[in-house]
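The structure under discussion appears below in the form of structure tokens.
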């Protein structure tokens with residue numbers, strides 16, 4: 001198995017980078033990409049553990065970008081973890097995340113679900129705090145009975161305490177990834193809420209600016225959507241990738257490599273991604 005979209009507690013996942021690598025090994029995953037939200041801080045630990053236990057790690061990141069009407073995330077593969085320009089960009093984005101978290105906590109208090117910043121911060125383990133940590137705190141306090149209920153009622157897009165945050169344009173996101181030596185890939189196109197023609201136009205535009213691929217395999221993509229995204233990737237000469245968006249056991253109800261049991265990501269996708277990276281021009 002392979003999985004090219006995962007998260008650790010360096011952003012909003014449950015497992016440490018090393019624990020994630022060991023979990024992947026136990027699950028039979030041979031190639032994994034760590035793509036934490038707006039941070040590279042987990043890559044060094046993940047790299048050490050992956051080398052120790054004998055699985056292949058692709059260093060990555062997931063960057064939030066501004067786009068309407070849906071949500072656009074840009075995955076970056078084979079990025080240089082030491083790239084200072086990318087690190088500064090991600091620090092700016094994380095600052096926006098902290099501002100957003102304060103607003104969410106204020107809204108939750110107004111809704112009768114007060115939480116202390118320190119208790120949520122402790123759940124993040126000193127790393128970037130995100131909505132999953134807030135959801136866990138809500139479960140711990142007994143405000144909701146499950147992680148899913150927290151998102152459905154309070155934290156998901158359009159829910160009572162949802163708050164958007166600062167983002168960059170898709171073009172800037174892919175440019176930053178390219179300049180850090182990486183390959184930019186459009187994540188889970190389903191979440192963009194676009195028609196087929198609108199998505200086709202977006203991919204054509206981004207491909208002309210350096211987009212390298214599309215995440216075709218994803219736990220919430222239907223068979224019809226998977227076929228469509230594969231077709232569009234072929235139309236614009238983009239590589240196909242796939243991943244579970246794994247955040248940890250019990251989170252998003254996904255499992256490494258298989259999503260909700262409905263995914264089988266071909267090993268060839270990782271090989272094609274690696275070949276493309278090796279062909280990429282030097283920065």
Notebook entry, point to check: Can you spot a residue in segment 189-196 that is free of Cβ contacts under 8 Å to residues at least 24 places away in the same chain, on the phi < 0 side of the Ramachandran plot and either surrounded by fewer than 18 Cβ atoms within 10 Å (Cβ to Cβ) or under 17 Å from the mean Cα position of the chain (by Cα) (or both)?
Noted result: yes
Next item on the list: Scan segment 225-239 and give yes if some residue there is under 22 Å from the mean Cα position of the chain (by Cα), in the same structural domain as residue 255 (by TED's automatic domain parsing) and modelled with pLDDT under 95, otherwise no.
Entry: no
Item checked: Of all residues making up segment 247-283, the number that are under 16 Å from residue 20 (Cα atoms) and surrounded by 14 or more Cβ atoms within 10 Å (Cβ to Cβ) -> 10
Next item on the list: Scan segment 220-265 for residues that are within 17 Å of residue 195 (Cβ to Cβ) and part of a loop (DSSP other than H, G, I, E, B) and jot them down.
Entry: 221, 222, 236
Note to self: When you scan segment 154-167, do you find a residue that is under 20 Å from residue 60 (Cα atoms), not assigned by TED's automatic domain parsing to the domain that holds residue 58 and not in a helix (DSSP H, G or I), even just one?
What the structure shows: yes
Next item on the list: Considering only residues that are farther than 15 Å from residue 161 by Cα and under 22 Å from the mean Cα position of the chain (by Cα), look in segment 99-121 and name the one that is surrounded by the fewest Cβ atoms within 10 Å (Cβ to Cβ).
Entry: 121
Checklist line | Single unsatisfied condition, residue 176 versus (1) surrounded by fewer than 19 Cβ atoms within 10 Å (Cβ to Cβ); (2) in contact with a helix residue (DSSP H, G or I) (Cβ under 7 Å, 6 or more places away or on another chain) | finding: (1)
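Filter segment 13-42 down to the residues that are closer than 20 Å to residue 85 by Cα and touching a helix residue (DSSP H, G or I) at 6+ places or on another chain (Cβ under 7 Å), then identify the one that is surrounded by the most Cβ atoms within 10 Å (Cβ to Cβ).
34
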Next item on the list: Select from segment 63-98 the residues that are modelled with pLDDT of 90 or more, within 18 Å of the chain's Cα centre (by Cα) and not in a helix (DSSP H, G or I) and list them in ascending order.
Entry: 63, 73, 74, 75, 76, 77, 78, 79, 80, 81
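The values are calculated or read from the model by the stated rules, or taken from the named source; none is laboratory data. A quick note: this is a predicted structure, and the numbers were derived from the prediction, not measured. We place every Cβ from the backbone using ideal geometry, glycine too, and count neighbours over all the protein chains shown.
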